[in-house]
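Chemist: Pasting a structure here, questions to come.
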Amino acid sequence: MEDFDCDDFEKTLKVIVVGNGNVGKTSMTTRYAKGKYTGTYKKTIGVDFMEKTVELRDLGESINLMIWDTAGQEEFDALTSRYYKGAGAVIYVFSTVDRASFEDLPKWKRKVEEECGQICSVLVQNKIDLIDDAAMSRDEVEDMTDFLNMRLYRSCVQDNINVGEGWSFSKLLQLQVA
């Protein structure tokens with residue numbers, strides 16, 4: 001019988017994407033994982049699941065991201081928080097033109113921490129193409145980023161601007177797989 005080498009298994013990381021409804025979570029995950037974008041809004045019921053393999057150049061290996069795109073509507077709240085368990089990273093998403101999605105960020109962080117504890121976290125401000133109609137100031141966003149103690153990425157999924165940036169937390173990924 002051959003020796004069993006645990007290093008032969010693929011390394012995986014469960015990443016959850018959370019935030020209010022209609023902020024672009026599904027569009028962002030689909031654009032990132034599949035390279036596709038549709039301008040049609042489709043409400044996520046419970047959770048949607050995608051995979052993407054990412055090369056960690058610093059480590060010379062790859063990791064399989066298991067991406068869980070969660071529903072942002074309160075009607076699915078009890079259901080979606082169950083999907084948080086086992087996550088090693090979280091991406092919080094809010095919309096430039098949706099004040100409530102911005103103000104609800106601390107609530108989302110509490111929900112995730114209740115299920116997962118402290119995990120790798122980043123914040124994505126989506127729809128930066130609509131900055132002229134912003135529902136919050138740049139200073140407010142910076143203050144929220146400091147308050148939540150997260151790194152901020154600004155993106156526009158529709159125009160494919162910085163979509164991969166929020167996912168490129170390779171140093172955080174290396175900590176998870178090391």
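Chemist: What is the one condition in (1) at pLDDT 80 or above; (2) more than 14 Å from Val15 (Cα to Cα); (3) not in a loop (DSSP other than H, G, I, E, B) that Lys171 does not satisfy?
Modeler: (1)
Chemist: Now for a separate question. Kindly indicate whether any position in segment 98-109 is charged (D, E, K, R), within 22 Å of Met66 (Cα to Cα) and surrounded by 17 or more Cβ atoms within 10 Å (Cβ to Cβ). Steps first, please.
Modeler: Here is the first cut: in segment 98-109, the residues charged (D, E, K, R) are 98-99, 103-104, 107, 109.
Okay, now just the ones that are also within 22 Å of Met66 (Cα to Cα), so 109.
Right, trim to surrounded by 17 or more Cβ atoms within 10 Å (Cβ to Cβ) and you get 109.
Checking segment 98-109: at least one residue is charged (D, E, K, R), within 22 Å of Met66 (Cα to Cα) and surrounded by 17 or more Cβ atoms within 10 Å (Cβ to Cβ).
Chemist: Still on this structure: Take segment 85-124 and flag every residue that is of a type in the set (Val, Ile, Thr) and either more than 13 Å from Gly19 (Cβ to Cβ) or in contact with an Asp or Glu (Cβ under 7 Å, 6 or more places away or on another chain) (or both).
Modeler: To start, the set of residues in segment 85-124 that are of a type in the set (Val, Ile, Thr) comprises 90-91, 93, 96-97, 112, 119, 122, 124.
Matches in segment 85-124: Val97, Ile119.
Chemist: Answer with yes or no whether Glu142 is part of a helix (DSSP H, G or I), touching a residue at least 12 places away in the same chain (Cβ under 8 Å) and over 11 Å from Gly19 (Cβ atoms).
Modeler: Working: part of a helix (DSSP H, G or I): yes; touching a residue at least 12 places away in the same chain (Cβ under 8 Å): no; over 11 Å from Gly19 (Cβ atoms): yes.
Criteria not met by Glu142.
The values are calculated or read from the model by the stated rules, or taken from the named source; none is laboratory data. What you are looking at is a predicted structure, and each value in this text was computed from that prediction instead of being measured. Positions of Cβ are generated from backbone atoms using ideal geometry, with glycine treated the same way; all protein chains shown enter the neighbour counts.
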